[in-house]
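Throughout, read-outs are computed from the coordinates displayed, never taken from laboratory work. Worth saying up front: this structure is predicted, and the values here are computed from it rather than measured. Heads up, the Cβs are rebuilt from the backbone with ideal geometry, glycines too, and the neighbour counts pull from every protein chain shown.
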Amino acid sequence: MNELSVGLVTVVPVLAAFILPVLTLKFRSRALYATITTATTFFTVVLTLINLLEVMKGNILTYSFGGWPPPLGIVYVVDSLNGILGFLAATLFFFSSLYTYWYFNKIESGYEWLSTLTLLLLAGVLGCLYTGDLFNFFVMLEVLSVSSYALVAFFRRRKWAVEASMAYSFIGALATMLFFFGVIFIYASFGTVNIADLIVKTHQDPQLASKYLEAWSGKCVGEWCYGNVFISSALAVALMLWALNFEAGVFPNNYWMPSAYAESPTPVSALFAGIVDKVGTYGVVRLFITLFTAYSAVLAFPLWGVAFRDLILIVLSFLGLVTGYLGALLMFPQKNVKRLLTYSTISHIGIIFTSFGALISRVPLSASAEALSGILLHMITHAIGEFTLFLGLGTLSIVVGSTNLTKMQGVGSKYPLITAPIIIGFLSLLGVVPLAGFFSKFVMFTALMKAGLPLHAISIVIISGISALGYFKVIYTLVVGRGSEEGGARERLLIPTSILLILATSLLVLGVMIAQGAIINELMNHAEDLLSIDGLSKYVNSVSELSKILGGS
Amino acid sequence: MDIELIKFMFMLTTISLYFNVAISLYGVVSKTNLVKKLIALTIFQDTVNMFTILIGYKLWRPGLLLQPPVLTDLSPTSETLREFVERSVDPLPQAFVLTAVVIGLAVTLFLTTIILHVSYHFKTVNVDEIGRSKRVYIHEEAV
């Protein structure tokens with residue numbers, strides 16, 4: 001059915017982002033721009049919450065733009081995977097725009113552009129998450145990346161911010177263009193870019209057949225559609241995967257992350273670490289659990305004795321291991337606190353990618369579902385934890401006037417209400433028991449054990465152990481280190497303090513709720529639904545139903 | 001025209017486009033001058049767009065009516081529509097390319113601006129020199 005709450009999610013931020021530059025002609029008030037951003041993001045929070053509640057009941061929401069029947073026009077499809085991530089994204093953007101009430105007073109100029117670009121970033125993130133169309137995914141990926149290039153270069157008078165943006169944008173432009181190249185291969189062979197229609201064509205399962213979708217884009221038989229499906233899918237996956245890995249920051253493609261995250265404004269780097277890098281991860285997950293699944297024959301041809309899809313997932317999990325160790329090892333020597341947090345983000349992305357090893361076809365469905373729910377849960381806990389840390393340590397570094405750890409010695413004891421959430425965030429990322437971060441790591445650990453990958457599972461523990469060194473170094477510097485006493489009067493940090501307290505409490509509450517077991521079971525059911533062929537059939541049927549209503553039978 | 005000749009030309013175009021992709025990727029990765037990198041990147045974008053247009057290509061066969069793919073009736077019957085579909089090419093790749101070209105414009109504009117700012121700050125557009133000064137900066141920060 002056409003749900004307005006799905007369609008408006010990207011339209012509203014884009015409209016607000018286009019209105020803001022017009023307002024700059026007349027108004028110069030910092031609070032006004034912060035208010036508009038907050039109001040817009042609050043509206044998207046409400047919309048995504050409506051979607052989330054509906055999706056959690058097991059329904060799938062769809063929205064077709066312009067009233068075109070699905071394989072022809074752009075369609076947004078929300079299932080439990082992107083419903084949860086969409087709500088997470090909107091919430092983090094809401095907190096980040098609340099933070100700008102305080103942050104805008106700390107920057108000289110450009111606050112109106114920071115608001116505009118943040119709203120565009122929100123539209124890009126939500127568009128990438130909600131879309132049910134590969135070409136639209138490319139367009140939204142470009143919206144996301146162009147606004148993030150500009151956000152990295154926000155302090156354009158700083159030499160290294162410009163350099164970081166340059167390093168990010170050149171290869172980023174190449175990566176997104178390669179994604180487009182991949183989409184073109186998909187279109188050339190399948191004759192469609194709609195994900196639901198692609199599911200029908202990659203699986204060729206009678207349970208998934210839909211005569212309403214086939215009426216528009218034809219039927220595939222064997223490996224022959226409009227072109228050779230096997231070759232072009234392999235090529236397209238290769239091209240698209242590079243772009244997604246670049247956005248996620250997996251090992252060979254993470255060279256841009258430390259500089260870019262460290263040089264961008266604090267609320268933006270919190271968003272980057274919180275949700276923007278999850279978009280790439282989400283893309284990879286969507287590619288392998290919805291499009292080219294274990295049931296499909298398309299990527300099942302053997303290469304070195306393993307099915308090609310499994311080989312890709314094994315390589316991805318290996319790259320995840322390398323990323324995890326690299327991030328954890330490089331974290332300790334860092335002096336710049338934002339750079340240190342970025343390496344922590346890299347190591348957590350590595351842990352998430354490590355769990356992809358449990359999604360291969362020989363692993364039983366229950367273990368795969370556990371791995372998927374672990375991946376989803378870790379995306380949530382890591383997003384909240386890292387967001388808290390970036391906001392908290394960013395606030396302290398603004399107060400001190402430097403991101404260098406040696407200059408931040410002892411600030412923590414001066415601002416205890418900011419330091420407490422920071423410590424909770426670190427402990428959650430580390431995986432200390434009552435906090436949410438422990439449970440996500442634990443679920444991934446048991447899933448990898450069940451999948452017969454004990455080395456991967458133990459690596460998660462070792463990576464956490466190595467990163468503990470970096471985390472405790474920061475905590476020690478903040479709390480125990482002796483600072484210069486002449487620091488002057490304490491600043492009033494009402495807004496950042498309250499946001500941080502809310503986030504830290506949510507980590508604690510989430511952890512306690514998971515410990516009671518309700519959330520984990522719910523997630524496991526949804527993950528099983530996403531991975532099973534019945535779930536795929538539900539996805540196809542919801543889009544097919546829309547096609548039937550809009551296109552006539 | 002001979003059908004074999006057309007097939008040969010089609011093949012030649014495809015191969016040359018692949019060749020173009022390879023050369024432009026080499027240019028983006030290996031050139032040290034940022035402006036040259038940008039030029040290689042635009043060549044890559046244009047090649048991908050060309051490739052997309054090529055997907056909508058329709059092979060001419062002897063006996064096919066050579067007329068422009070335009071509907072002349074305001075209220076077409078199913079007969080004229082069928083004939084129209086015979087003549088016309090796939091319009092969707094062209095829509096893709098239009099979108100991609102506009103996006104490419106935004107990206108190219110951004111990259112041009114950032115190169116300008118890089119040259120203000122570093123007084124050079126050579127990535128090797130910038131990388132060298134960055135290593136010095138990172139080292140100073142860490143020590």
Practice problem: Would you grab the residues whose amide H sits under 5 Å from the one on A:Leu61? Only those 5+ places off in sequence or on another chain, please, with H modelled 1.01 Å from N. | Solution: A:Val78
Self-check item: Candidates per trypsin sites (Lys or Arg not before Pro) in region A:100-167, loop by DSSP, up to 13 other Cβ within 10 Å
Solution: A:Arg157, A:Arg158
Quiz item: Across the residues of A:326-338, average count of Cβ atoms on other protein chains within 10 Å?
Solution: 1
Self-check item: Estimated [θ] at 222 nm from DSSP helical runs (n ≥ 4, -39500 (n - 2.57)) normalised by residues in chain A, nearest 500
Solution: -24000 deg cm²/dmol
Quiz item: Going down the list A:Lys219/B:Lys7; A:Lys57/A:Lys219; B:Lys31/B:Lys123, which pairs span over 22 Å between their C-alpha atoms?
Solution: A:Lys219/B:Lys7; A:Lys57/A:Lys219
Quiz item: Rounded to the nearest 0.05, what FRET efficiency do A:Tyr476 and B:Tyr18 have when you use their Cβ-Cβ distance and R0 = 45 Å?
Solution: 0.20
Quiz item: Using a 4.7 Å Cβ cut-off, which Cys residues in chain A lack a partner cysteine?
Solution: A:Cys128
Quiz item: Across peptide B:131-137, what mean number of C-beta atoms from other chains lies inside 10 Å of a residue's C-beta?
Solution: 2
Quiz item: What are the ³J(HN,Hα) values, in whole Hz, obtained from phi via the Karplus relation 6.51 cos²θ - 1.76 cosθ + 1.60 with θ = phi - 60°, for each residue of region B:72-82 in sequence order, with x given for Gly and Pro?
Solution: 9, 8, 7, 10, x, 8, 5, 5, 5, 5, 4
Quiz item: How large is the dipole of the protein assembly as shown about the Cα centre if only Lys and Arg carry +1 and Asp and Glu carry -1, each at its Cβ, rounded to the nearest 20 debye?
Solution: 1900
Quiz item: Say the dipole of chain B comes from +1 at the beta carbon of Lys and Arg and -1 at that of Asp and Glu; which of B:Phe44, B:Leu12, B:Ala142 then lies farthest toward its positive end?
Solution: B:Ala142
Quiz item: Can you work out the FRET efficiency for the pair A:Lys335 and A:Leu417, with r the C-beta to C-beta distance and R0 = 35 Å, to the nearest 0.05?
Solution: 0.85
Exercise. For chain A, calculate the relative contact order in percent as a whole number, restricting contacts to Cα pairs under 8 Å that are 6 or more residues apart.
Key: 16
Quiz item: So what are the ³J(HN,Hα) numbers for region B:29-36, from phi and the Karplus equation (6.51, -1.76, 1.60; θ = phi - 60°), rounded to whole Hz, Gly and Pro as x?
Solution: 7, 9, 5, 8, 7, 4, 5, 5
Quiz item: In region A:224-276, which chymotrypsin sites (Phe, Trp or Tyr not before Pro) are in a loop and have at most 15 other Cβ atoms within 10 Å, using DSSP for the loop call?
Solution: A:Tyr255
Quiz item: Between B:Leu105 and A:Leu53, what is the label-to-label distance in nm when each label sits 7 Å out along the Cα-to-Cβ direction?
Solution: 4.3
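Assigning unit charges at the beta carbon (Lys, Arg +1; Asp, Glu -1) and nothing else, what dipole magnitude in debye, to the nearest 20, does region A:1-132 show about its Cα centre?
So the magnitude is around 360 debye.
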Quiz item: Long-range amide H contacts for A:Gly132: which residues qualify at under 5 Å (H placed 1.01 Å from N, peptide plane, sequence gap of 5 or more or a different chain)?
Solution: A:Val75, A:Tyr76, A:Val77
Quiz item: In region A:105-153, what GluC sites (Glu not before Pro) fall in a loop by DSSP, with at most 13 other Cβ atoms inside 10 Å?
Solution: A:Glu108
Self-check item: Net charge dipole size for chain B [Lys, Arg +1 and Asp, Glu -1 on Cβ; Debye, nearest 20]
Solution: 540
Quiz item: Considering only B:Pro93, B:Gly104, B:Ser119, whose Cα is most displaced toward the positive end of the charge dipole of region B:80-143, charges sitting on Cβ of Lys, Arg (+1) and Asp, Glu (-1)?
Solution: B:Ser119
Quiz prompt | Rounded Å value of the spacing that divides the Cα centres of region A:330-344 and region B:92-114 | solution = 35
Quiz prompt | Approximate spin-label separation A:Arg492-A:Leu508, in nm, with each point projected 7 Å along Cα-to-Cβ | solution = 2.6
Self-check item: Whole-Hz couplings from phi, Karplus 6.51/-1.76/1.60, listed for region A:453-466; x for Gly and Pro
Solution: 10, x, 5, 4, 4, 5, 4, 4, 5, 5, 4, 4, x, 5
